[in-house]
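The values are calculated or read from the model by the stated rules, or taken from the named source; none is laboratory data. If you're wondering where the values come from, they're calculated on a predicted model, not measured in any experiment. No Cβ is skipped: glycine too gets one built from the backbone with ideal geometry, and neighbour counts run over all protein chains shown.
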Amino acid sequence: MKLPFNTSRREKKVLAIGAAIAFLIIAYRLAVWYGDVNSQLKELTDAKLMMLEKQMNNLSGMEDLKAGVERLREGSLKHENALLKGDKPPVAAAELQSILKDMASSLQIEVRSERAFASFESGYYLGIPVEIGFLAETGKLKDFLYRLRRSEYAFNITELKVRVTNPNKPVANDVSIVVTGYIRKPADESQADEGRKAAEAGTGQ
């Protein structure tokens, strides 16, 4: 490259060194600028990725929460359906007696006696115990007990007495069975229980 003015060799050398230094400075600043920009872009990208991941986790958690609520709702509905429909112990006892007699009748078992016992508290529910008596062959008794176990209702067998009518020919059995169903405790009784528990807790403090 020819300069538009006369310079000595020494001046040319100085100019060349100066140009090189200027180039290096510019290159350095460009590299620093590029590094800063690249670092900022990386930080911004990482931040957006973290935010996106958090949002996805929140969405996933929301779906899990919805699924959990749905399972609880289904479980609660199933539990409610397992209760007797009567809202008072005498009504529920009559319903339970009818269910047991229908179940026995479907197996051609004749119920010979029946009676209801006093209801009892069981947490937020009332237990409704009913006793029925009948004669049944061993096979039919087994089927009856199996149907009780597989019933859609929440039944508990709280007592079972079996006596062979003829020891020499043990075909028929004299059966007495107490079956307990459940109803939701009436609202006024539940509120009274909660008030009593709160009072006991306050006294304990």
remark   = Note on segment 99-122: residues loosely packed, with under 12 Cβ neighbours inside 10 Å and of a type outside the set (Asp, Glu) are Ser105, Ser106, Gln108, Ser113, Ala118
key: Failed criterion for Gly133 (all others in (1) of a type outside the set (A, V, I, L, M); (2) within 32 Å of the chain's Cα centre (by Cα); (3) surrounded by 14 or more Cβ atoms within 10 Å (Cβ to Cβ) hold)   = (2)
remark   = Per the filter on segment 76-98, residues part of a helix (DSSP H, G or I) and modelled with pLDDT under 90 are Ser76, Leu77, Lys78, His79, Glu80, Asn81
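Over 25 Å from Arg184 (Cα atoms), touching a residue at least 24 places away in the same chain (Cβ under 8 Å), not in a strand (DSSP E or B) and not hydroxyl-bearing (Ser, Thr, Tyr): which single residue out of Lys140, Lys101 fits that description?
Details: Lys101 fails: over 25 Å from Arg184 (Cα atoms).
Only one candidate passes the filter, namely Lys140.
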query = In segment 152-169, which residue that is out of contact with any Gly (no Cβ under 9 Å at 6 or more places or on another chain) and touching a residue at least 24 places away in the same chain (Cβ under 8 Å) is nearest to Ser98 (Cα to Cα)?
reply = Glu152
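Please go through segment 157-199 and give me each residue that is under 31 Å from the mean Cα position of the chain (by Cα) and at pLDDT below 70, ordered by number. Steps first, answer last, please.
Applying the first criterion (under 31 Å from the mean Cα position of the chain (by Cα)) to segment 157-199 yields 157-158, 179-198.
Listed by number, the residues that qualify are Ala187, Asp188, Glu189, Ser190, Gln191, Ala192, Asp193, Glu194, Gly195, Arg196, Lys197, Ala198.
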message = Being part of a strand (DSSP E or B) and loosely packed, with under 12 Cβ neighbours inside 10 Å is the filter here; which residues of segment 160-182 pass it?
response = Arg163
